[in-house]
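The values are calculated or read from the model by the stated rules, or taken from the named source; none is laboratory data. All values derive from a computational prediction rather than experimental measurement. A quick note on method: Cβ atoms are made from the backbone with ideal geometry, for glycine too, and the neighbour counts reach across all protein chains shown. Side chains included, ligands, DNA and RNA excluded: accessible areas come from the protein's heavy atoms. Shrake-Rupley method; radii C 1.70, N 1.55, O 1.52, S 1.80 Å.
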Amino acid sequence: QTDLAESTEIQLPDGSSVILNASSFLSYSEDWDREVRLNGEAFFEVTKGEKFTVITPLGNVQVLGTSFNVFARNDEFEVACKTGKVKVSIPSKTFSEDIVPGQIVALKADTVKQIQRLPELMGKWKTGEFYYNNQPFSSVIAELQRQFNVEIEFEENKEQVFSGYFTNKNIETALDMVCLPLGFEYEKISTSKFVIRENE
């Protein structure tokens with residue numbers, strides 16, 4: 001389990017590696033069967049072998065040996081394939097499909113979408129870089145709060161989307177990177193609290 005503003009790398013019993021993003025939870029049974037449960041976000045590099053399964057509250061991922069990213073928080077579920085082939089299942093939508101490098105399956109607002117993205121941008125959060133393409137601004141703020149363990153107040157606008165990126169080295173630089181393109185400004189209330197508003 002990782003706390004806010006923390007990520008960690010774990011070696012699994014079969015030699016596979018997992019990098020857990022901030023505020024995420026991963027578990028597996030003592031009698032290792034290449035099955036893990038995830039709540040949060042993780043990047044997997046799976047060693048070849050028997051079927052490897054990731055179970056989340058919204059959907060499941062099955063692979064034999066590959067690298068991929070899984071995001072499963074609240075009512076959002078996203079799987080991005082970086083190498084190899086990944087099988088994504090979303091039981092509530094009777095959806096089951098194989099995806100290949102550069103393909104993403106996303107469940108958002110109760111709708112399944114398939115998206116293309118450059119494989120080299122997948123899992124970049126492992127090095128502290130967070131890339132977005134027309135993502136809800138609220139999702140970006142939620143990630144900023146997890147990465148820096150801060151509270152950010154803003155007036156939520158469901159239509160507001162963000163394309164761009166930020167790094168998790170410095171909170172004020174990151175806020176500049178997400179606020180400036182949208183014409184927003186932020187105010188520092190304390191070291192752990194910020195308020196974002198539209199420029200007057």
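What the table shows:
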{"item": "Residues that are touching a residue at least 24 places away in the same chain (Cβ under 8 Å), in contact with a strand residue (DSSP E or B) (Cβ under 7 Å, 6 or more places away or on another chain), open to solvent by less than 30 Å² (accessible area, probe 1.4 Å) and within 20 Å of residue 149 (Cα to Cα), drawn from segment 1-25", "result": "2, 21"}
{"item": "Of the criteria (1) modelled with pLDDT under 95; (2) over 24 Å from residue 24 (Cβ atoms); (3) among the acidic types (Asp, Glu), which one residue 176 fails", "result": "(1)"}
{"item": "Members of segment 40-61 that are open to solvent by 20 Å² or more (accessible area, probe 1.4 Å) and part of a strand (DSSP E or B)", "result": "45, 55, 60"}
{"item": "Pairs where the first residue, in segment 98-119, is at positive phi and the second is open to solvent by 70 Å² or more (accessible area, probe 1.4 Å) and among the hydrophobic types (A, V, I, L, M, F, W, C), C-beta under 9 Å, 6+ apart", "result": "102/118"}
{"item": "Test: residue in segment 103-119 that is out of contact with any helix residue (DSSP H, G or I) (no Cβ under 8 Å at 6 or more places or on another chain) and within 18 Å of residue 19 (Cα to Cα)", "result": "yes"}
{"item": "Pairs where the first residue, in segment 133-152, is of a type in the set (Asp, Glu) and the second is modelled with pLDDT of 95 or more and open to solvent by 30 Å² or more (accessible area, probe 1.4 Å), C-beta under 8 Å, 6+ apart", "result": "151/145; 151/192; 151/193"}
